[in-house]
Amino acid sequence: MRDGNLFTAGGVTAGIDFGLTIVAELLGEAQAQMIQLGHEYAPEPPFRAGTPETAPPAVLAAAKERLASTRKEREAIIDEVVASGLAEAS
């Protein structure tokens with residue numbers, strides 16, 4: 001709920017909605033939508049950006065770009081774990 005410059009919320013999803021609303025106010029809707037997309041939070045409010053299928057194309061592209069380096073790092077870790085598991089199995 002917003003009353004002027006005072007924001008309040010309660011409950012788990014309300015708290016997430018609250019956080020996204022604050023980010024939107026401070027950093028813009030696109031930033032809030034990227035966070036929502038990153039968490040795949042798609043109950044509807046406050047934005048329809050919770051899945052790649054519903055996120056605006058510009059938000060999806062920006063999220064992919066922002067997460068590209070950490071995705072490569074995670075994939076390298078997975079490859080290392082798989083390779084060491086295969087080596088142990090031999």
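Observations, loosely collected:
- When the GluC sites (Glu not before Pro) in the chain are filtered for DSSP coil states and for at most 12 other beta-carbon atoms within 10 Å of their beta-carbon, the remaining sites are E40, E53.
- When you restrict to C-alpha pairs under 8 Å that are six or more residues apart and normalise by the size of the chain, the relative contact order lands at 15 percent.
- Two-site label geometry, V81 and I22: point separation in nm, points 7 Å out along Cα→Cβ: 3.2 nm
- Residues considered: A32, A61, A76. Largest GNM mean-square fluctuation over the chain, using C-alpha springs under 10 Å, is found at A76.
- Full extension of the chain between R48 and D3 gives 13.9 nm of extra length, using 0.36 nm per residue less the Cα-Cα distance.
- Segment 1-51 - Kirkwood radius from inverse mean 1/r over Cα pairs (Å): 10.8 Å
- The orientation-averaged projection of the convex hull spanning the C-alpha atoms of the chain amounts to 8.0 square nanometres.
- Screening the chain for whole DSSP H helices of 15 Å or more along their axis (Cα) with average Kyte-Doolittle hydropathy at least -1.0 returns 12-27, 57-89.
- Normalised convex hull volume, segment 21-72, alpha-carbon set, Å³ per residue: 71 Å³
- Here the accessible area of the chain is 61 percent carbon and sulfur, with a 1.4 angstrom probe and all protein chains present.
- Between A68, P52, F7, the Cα set farthest toward the positive side of the dipole of the chain (charges on each charged residue's Cβ, about the Cα centre) is that of F7.
The values are calculated or read from the model by the stated rules, or taken from the named source; none is laboratory data. Note that the coordinates shown come from a computational prediction; the quantities given were computed from them, not determined experimentally. For neighbour counting, all protein chains shown are included, and Cβ atoms are generated from backbone atoms with ideal geometry for every residue, glycine included. For accessibility, only protein heavy atoms count, side chains too; no ligands or nucleic acids. Shrake-Rupley method; radii C 1.70, N 1.55, O 1.52, S 1.80 Å.
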